[in-house]
Every structure is written in C-alpha cells, then in structure tokens.
Amino acid sequence: MRLVGDPWQLGAVESGGALRLLVHDVGAVELSTLHRFTNPAEAQATLQLRAGDPTALDFYERHDRIRDGSREAMLDAAYTA
C-alpha cells in the first residue's frame, strides 16, 4: 500500500495525522519534488513556509496574495472568493 500526501499540510478536523505519524515514527519515504505548482518560485516559497522560514512571505507579498482585515471582512472575502 502506498499512502500519498503532505504530512505538513493541515489535516481535516480530528484527522489523526496519519501521514505525519508515518513520517516521524516509521520513517516513511517522502517525495522531494513538488508537483502541484507550475511556478518554481511558488514551489520554493511553499517549502520555505513549511520549514517556518518567514522570508517565504516575500513571494506571497510580491504576488499580491496577502490580505488583511477584520475577522468578519476576511470571512466575507473567503466566502465570496
């Protein structure tokens, strides 16, 4: 059986974190190349963000991907999008 996923991605509510458990406790094999991004810079920024590198936010800021506002405004914007 092969389980495929991203152990760093947030799981569903109450998921048990099976992928993260396999990676950390069992030593599962991990893919080293991202396949879901067509922009190599975005793929790199995602890896940096995953590792906790705050400079990754520069990519998202340069590409107008960061928004701010009140909780209500952000919920409305997310719903509208």
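The values are calculated or read from the model by the stated rules, or taken from the named source; none is laboratory data. The model shown is predicted, which means the values in this text are computed figures rather than measured ones. Glycine also receives a Cβ, built like all others from the backbone with ideal geometry; neighbour counts cover every protein chain displayed.
Only residues that are free of Cβ contacts under 8 Å to residues at least 12 places away in the same chain, of a type outside the set (Ser, Thr, Tyr), outside any helix (DSSP H, G or I) and at negative phi were counted in the stretch 33-55, giving 6.
For residues that are at pLDDT 90 or above and either of a type in the set (Gly, Ala, Ser) or farther than 27 Å from ARG65 by Cα (or both), tally how many sit in the stretch 24-54. Of the residues in that region, 4 qualify. Within the stretch 1-23, residues that are at pLDDT 70 or above reach partners that are assigned to a loop (DSSP other than H, G, I, E, B) and exposed (fewer than 14 other Cβ atoms within 10 Å of the Cβ) with beta carbons closer than 7 Å, at six or more positions or on different chains, in the pairs LEU19/LEU3; LEU19/GLY5; LEU22/LEU3; VAL23/GLU30. Where residues in the stretch 56-80 are of a type in the set (Lys, Arg) and not in a loop (DSSP other than H, G, I, E, B), which of them is farthest from the chain's Cα centre (by Cα)? Residue satisfying both the conditions and the ranking: ARG71. So which residues in the stretch 34-55 are more than 14 Å from the chain's Cα centre (by Cα) and surrounded by fewer than 10 Cβ atoms within 10 Å (Cβ to Cβ)? Residues satisfying the conditions are THR38, PRO40, THR55.
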